[in-house]
Amino acid sequence: MAGTKIISLVLCSLGVFMSFRPHWIYIDEFIQTYYRNITDGELYDTIYPVKDYSGLILLIIVILVTDYVKYKPIIVLQGIFSMILMSLLNWDQQIIPLIVSQVFHGFIMATNIAFYAYIFAVADSEKYKLSTCLSQVSVLFGIFLGNLLAVLFLSLNITGLGTINLISFAFSVVTLIVALMLPHVKPRIPTTREIIERELQLPNGLYVPETVTKSPWEVDRRPSMHSTGTQGIMDTYTHINDPAFTAYARSNMYSDIDTSSLGFYGDYSISERYTTSIDSESNENSREDNSITSEVHSSQPGTTQKDKINKFLKDLKKAYSEKLVIYWSSWLVFSICGHLMLEDDFQRLLDEIVPGRNSPLVYDASVSTLAALLGIIPVMIYGVTKGTWTVYSEPILAIVGLFTCLLYCLLANINNIWAIYSLYIIYYLLFQLMFVVALYQIGDVLQSRRYGFIFGMNLFIAVFLKVILQSIQGNRQTLHLPITTQITVMGGIFGLFGLSFLTKMLYSLIDLYRQNGGCCGNYSNPQDRDLLVASTS
């Protein structure tokens, strides 16, 4: 327990230091002040896009190696990249070093997936939700502190932009030191209970409580460890003491389990001597784990490179066969794409909508600082509340997608500066909440340690979509649309996303309604009938 708390403390400290970037909130002003020959067109059309291109290139490598090297080396590499970036900005104000600094900025963005993947690799499965939220809270707190320091120093004329960059460099050094303190992620042998919960496929005819597994908008939902709470299917059947399950488990729980896809040590099998009764098994997990560990080390599976590739592909097939992974990954793709676009162009958006406003640097930076502070609240509330949103994924994504569409359209078409500030804070809070929800939902469903690959693919597709949209809309050689139109188009994409989930949910409701003979048809469980009536009213 103490070791887990220390790891969590180091990880949260890393989140604070890696996001403490007071220079970032004034990066445009810094470049335009110290690089006098750069125009706005060159800055936004030539220099900044280098970040996205370099991030895409490195992401291809990071996606493939992050899970293999167990996350810490990539986090350390991110600290090194951050030091190089700040060095280039601080000590050589020339065009070429500036472009190179954007290359390393893209590298930092690409390696950021290792931080979130590390959370799931070291935390207990029961603590995934809280660990994810605490880590994101630390990131938001670091952003808040960095922005607050920059706002205070510049608004009170304590120091200039150059000194703020030096402070950012100092904290990049601290980030590297803390990253080196993180313990390595060691391969872990799963307990017998974990194997059963993750891999066991229940035979037809076994009783599963309808109130646990049924959703009003999902037909024929298969029971899984996630639909029965943190204790999983095993505890459900232990409590009801179903003799059919007991007979099935004793004869099949090990013979049908494919442990090669678990992504821990590799291929191994469990000896028949462990096929004891379910109740005695739960009290002997520690003895069995030691026996399994010695069995793994004593065996020589002789896996080839082809076997490893096949195992890797099998893991991915299993991960992307889960609807929750697809649902929430699709949300991450569009939300990260829109967030990156809005963060990069927020000041340009304000300059276009409300030109000549008073004290833009102070007010814009203060709003971003306040948004980071307030963003901690919904994330922390979600982390400490019980229950998950798994069953309600479709309606949540439908509602959030449509609401985000509304926020984007309002941001791009309202001329009141205070209304824009308020809408931006609301958007920021919603994004941070849904970001941790999506991370938790994906990480909790994954049946093997492929967190880096899945998170990396989501980021890769998001950045690729951002590059495509900006190349078509914002480039001077293409449409060259105003930034307000670009934000509105991104809002329309969110609208299509929300409508697709709304349509699917309604179709599932209609299908379920027909299969059960109408509003109050063939329901043996009154709770299911009431739930359907409530959902269609």
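The values are calculated or read from the model by the stated rules, or taken from the named source; none is laboratory data. It should be emphasised that the depicted structure is a prediction, and the values quoted were computed from it without experimental measurement. No Cβ is skipped: glycine too gets one built from the backbone with ideal geometry, and neighbour counts run over all protein chains shown. Keep in mind that these areas ignore ligands, DNA and RNA; they rest on the heavy atoms of the full protein, side chains included. Shrake-Rupley method; radii C 1.70, N 1.55, O 1.52, S 1.80 Å.
Scan (1) more than 22 Å from ALA372 (Cβ to Cβ); (2) surrounded by 16 or more Cβ atoms within 10 Å (Cβ to Cβ); (3) of a type in the set (A, V, I, L, M) for the single condition ALA438 breaks and write down its number.
Going through (1) more than 22 Å from ALA372 (Cβ to Cβ); (2) surrounded by 16 or more Cβ atoms within 10 Å (Cβ to Cβ); (3) of a type in the set (A, V, I, L, M) one by one, ALA438 breaks only (1).
Tell me yes or no: at least one residue of the stretch 383-394 is farther than 29 Å from LEU324 by Cα and either out of contact with any Phe, Trp or Tyr (no Cβ under 8 Å at 6 or more places or on another chain) or surrounded by 14 or more Cβ atoms within 10 Å (Cβ to Cβ) (or both).
no
How many residues does the stretch 316-330 hold that are part of a helix (DSSP H, G or I) and surrounded by fewer than 17 Cβ atoms within 10 Å (Cβ to Cβ)?
Of the residues in that region, 4 qualify.
Given the structure, is VAL151 open to solvent by 10 Å² or more (accessible area, probe 1.4 Å), closer than 24 Å to PRO73 by Cβ and either in contact (Cβ under 8 Å) with a residue 12 or more places away in the chain or part of a loop (DSSP other than H, G, I, E, B) (or both)?
no
How many of the residues in the stretch 45-69 are open to solvent by less than 40 Å² (accessible area, probe 1.4 Å) and either assigned to a helix (DSSP H, G or I) or of a type in the set (D, E, K, R) (or both)?
14
Can you tell which of GLY142, GLY146, GLY106 is more than 30 Å from SER359 (Cα to Cα) and either part of a helix (DSSP H, G or I) or touching a Leu at 6+ places or on another chain (Cβ under 9 Å) (or both)?
GLY106
Give me the pairs, please: first residue somewhere in the stretch 459-478 and within 10 Å of PRO49 (Cβ to Cβ), second residue anywhere and among the small types (Gly, Ala, Ser), beta-carbon distance under 9 Å, and either six or more positions apart or on two chains.
As it stands, the answer is LYS466/GLY338, since those pairs meet every condition given.
Would you mind telling me which numbered condition in (1) open to solvent by 50 Å² or more (accessible area, probe 1.4 Å); (2) among the β-branched types (Val, Ile, Thr); (3) within 21 Å of the chain's Cα centre (by Cα) THR33 fails?
Going through (1) open to solvent by 50 Å² or more (accessible area, probe 1.4 Å); (2) among the β-branched types (Val, Ile, Thr); (3) within 21 Å of the chain's Cα centre (by Cα) one by one, THR33 breaks only (3).
Of ILE27, ILE38, which residue is surrounded by 15 or more Cβ atoms within 10 Å (Cβ to Cβ), free of Cβ contacts under 8 Å to residues at least 24 places away in the same chain and within 14 Å of LEU89 (Cβ to Cβ)?
None of the other options fit; the residue is ILE27.
Quick one: is LEU134 modelled with pLDDT of 90 or more, open to solvent by 30 Å² or more (accessible area, probe 1.4 Å) and touching a Pro at 6+ places or on another chain (Cβ under 7 Å)?
Taking the combined requirement at face value, the residue does not satisfy it.
Could you check SER280 against (1) in a helix (DSSP H, G or I); (2) at pLDDT below 90; (3) within 32 Å of the chain's Cα centre (by Cα); (4) of a type in the set (S, T, N, Q) and say which number it fails?
The single condition SER280 does not satisfy is (3).
Considering only the stretch 487-496, I want to know if a residue exists there that is touching a Ser or Thr at 6+ places or on another chain (Cβ under 7 Å), modelled with pLDDT of 95 or more and assigned to a helix (DSSP H, G or I).
Checked against the condition, which is being touching a Ser or Thr at 6+ places or on another chain (Cβ under 7 Å), modelled with pLDDT of 95 or more and assigned to a helix (DSSP H, G or I), the stretch 487-496 yields at least one hit.
In the stretch 154-185, what residues are without any contact (Cβ under 8 Å) to a residue 40 or more places away in the chain and more than 29 Å from the chain's Cα centre (by Cα)?
LEU156, ASN157, ILE158, THR159, GLY160, THR163
Just the residues that are of a type in the set (A, V, I, L, M, F, W, C) and over 13 Å from ILE493 (Cβ atoms), please, taken from the stretch 462-473.
Scanning the stretch 462-473 gives VAL463, PHE464, VAL467.
Restricting to the stretch 1-42, give me the number of residues that are charged (D, E, K, R) and not in a helix (DSSP H, G or I).
Residues meeting the conditions: 2.
Is there a residue being free of Cβ contacts under 8 Å to residues at least 24 places away in the same chain, open to solvent by 50 Å² or more (accessible area, probe 1.4 Å), out of contact with any Ser or Thr (no Cβ under 7 Å at 6 or more places or on another chain) and not in a helix (DSSP H, G or I) anywhere in the stretch 395-415?
So far as the stretch 395-415 goes, no, none of its residues is free of Cβ contacts under 8 Å to residues at least 24 places away in the same chain, open to solvent by 50 Å² or more (accessible area, probe 1.4 Å), out of contact with any Ser or Thr (no Cβ under 7 Å at 6 or more places or on another chain) and not in a helix (DSSP H, G or I).
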